[in-house]
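Right, one structure below, let's go through it.
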Amino acid sequence: MMKRLGYGLGMGLAAVGLLLPGLMFDGAGADPTGGSPTEGVKQTIVRYGPFMLPPAGRGGDMDHANVFMPNVPKPCEDCYITRAEPDLVYEDGTPANLDSGLMLHHAVLFNTGQPDTTCGKDTFYGRLGERFLASGNERTIKVLPPGYGYHLGRDPVTGVFHIMNHSEEAKTVFFTFKIDWLPGSTAGVRPVTPVWLDVANCRTSEYEVPAGPTSTHWTWPSTITGRVVATGGHVHTGGDRISVSNQTTGQRICTSWAGYGTKAPYMGTIESMSYCSWDSLGIVRKGDTLDLESVYDSAEAIPDAMGIMVMHVWQTDDLTSGTTPAPAEANGGIAPAAAANKPSGHHDH
């Protein structure tokens, strides 16, 4: 079963997912650059597709075309996800990117067994369930601190995918997640709740940005109490950074920086977003107001910009014990080198 949301893409899709069996690994803790998983962690690669894309001009590059796939394969059941590495690949596993005409506009996975924290069930996306994993073309690796995990149960998972073909040839690609996970029976794992913060939340996630430097704010009154242990952002080419702060306490929680100009396959478009991960990046109490700030400095107006951060919160009343303040390297207080570069000027969406 497959449904299309938005405008048709002319995309043929077999709606098949391939699971590569989990393996046991030993070694040091996982890191955002792709290091070995923690001892005892299993690793599974789940593949979605094939997505068969017509050439540009014949539907392959059409905007606003989400493909909705219910009951997609999961990397594990009754498990704790500790690390997630997304990619867009060809059949042989080589990455598909703008240097060969392909772009991952976005992919989002919904846990139908859990309600979304910031989208109520009276909204379309809220009815799909909890948004727990996502990626744009920058393909940010999500890593939780040791001892934390996202619990995925036995309920179905829904996927929404938007992949674009800017080339003059038909292309066939797959979206993948490499997932590190622990069995649900693992003792001592602290479960995290994903909190989706979005300038255009519960809608298309798109908003208009004029040319030049801009700052757009969106606020959310928290419905939960706990420690923020990980978060990262998503903006489009022309974006500079996106930050989340606790407006009630005045604490900056994380700044996620856009990177450009160091990876050839991205052809000068956005290639990275820095990721914040620490035992306590900040705290939030029920009733606190969280402020999301999306900052762009684009050479041209962007009609479909995005400004998104997904926080992972351990819901607890124990807000301070056993924690040390996050260093600047962990919470985005220091911008990575790639953030000093500017985009090439063309709009990739």
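The values are calculated or read from the model by the stated rules, or taken from the named source; none is laboratory data. Computed from a predicted model, the values in this text were never measured in an experiment. Glycine gets a Cβ as well: all are built from the backbone with ideal geometry, and neighbour counts include every protein chain shown.
Only one entry of Val310, Val295 meets the criterion of being within 30 Å of Ile224 (Cα to Cα), touching a Pro at 6+ places or on another chain (Cβ under 6 Å) and of a type in the set (A, V, I, L, M, F, W, C), and that entry is Val310. Restricting attention to segment 261-273, the residues that are within 17 Å of Ser135 (Cα to Cα) and part of a loop (DSSP other than H, G, I, E, B) total 3. Scanning segment 302-330 for residues that are exposed (fewer than 14 other Cβ atoms within 10 Å of the Cβ) and closer than 29 Å to Ala211 by Cα turns up just one, Pro303. When Thr140, Thr112, Thr82, Thr117 are checked against the criterion of being surrounded by fewer than 19 Cβ atoms within 10 Å (Cβ to Cβ) and not small (Gly, Ala, Ser), Thr112 stands alone in meeting it.
Taking the condition of being of a type in the set (Gly, Ala, Ser) and more than 15 Å from Tyr207 (Cα to Cα), how many residues in segment 297-320 meet it?
Of the residues in segment 297-320, 1 are of a type in the set (Gly, Ala, Ser) and more than 15 Å from Tyr207 (Cα to Cα).
One residue stands out among those in segment 231-286 that are surrounded by fewer than 18 Cβ atoms within 10 Å (Cβ to Cβ) and β-branched (Val, Ile, Thr): the one that is nearest to the chain's Cα centre (by Cα), which is Thr262.
Is segment 287-309 home to any residue that is in contact with a helix residue (DSSP H, G or I) (Cβ under 8 Å, 6 or more places away or on another chain) and among the charged types (D, E, K, R)? No, there is no match, as no residue in segment 287-309 is in contact with a helix residue (DSSP H, G or I) (Cβ under 8 Å, 6 or more places away or on another chain) and among the charged types (D, E, K, R). Does segment 213-223 include one or more residues that are modelled with pLDDT under 95 and surrounded by fewer than 16 Cβ atoms within 10 Å (Cβ to Cβ)? Taking every residue of segment 213-223 in turn, none turns out to be modelled with pLDDT under 95 and surrounded by fewer than 16 Cβ atoms within 10 Å (Cβ to Cβ). Report, ordered by the first and then the second residue, all pairs with beta carbons closer than 9 Å, sequence separation of six or more or different chains, a first member in segment 258-287 that is under 20 Å from Met309 (Cβ atoms) and in contact (Cβ under 8 Å) with a residue 12 or more places away in the chain, and a second member that is among the acidic types (Asp, Glu) and not in a loop (DSSP other than H, G, I, E, B). Correct list of pairs: Ala258/Asp240.
Filter segment 110-142 down to residues that are assigned to a loop (DSSP other than H, G, I, E, B) and acidic (Asp, Glu) and give me whichever is farthest from Thr223 (Cα to Cα).
In the first step, residues of segment 110-142 are kept if they are assigned to a loop (DSSP other than H, G, I, E, B); the result is 112-123, 129, 136-141.
Still in the list and also acidic (Asp, Glu): 116, 122, 138.
Numbers: Asp116: 11, Asp122: 17, Glu138: 30 Å.
Looking at the filtered set, the residue picked out is Glu138.
Figure legend. Inter-residue proximity from segment 140-154: first residues modelled with pLDDT of 95 or more, second residues among the hydroxyl-bearing types (Ser, Thr, Tyr), beta-carbon distance below 6 Å, spacing 6+ or different chains. Indicated pairs: Thr140/Tyr275; Val143/Ser277; Leu144/Thr82; Pro145/Ser277; Gly149/Tyr80; Gly149/Thr82; His151/Tyr80.
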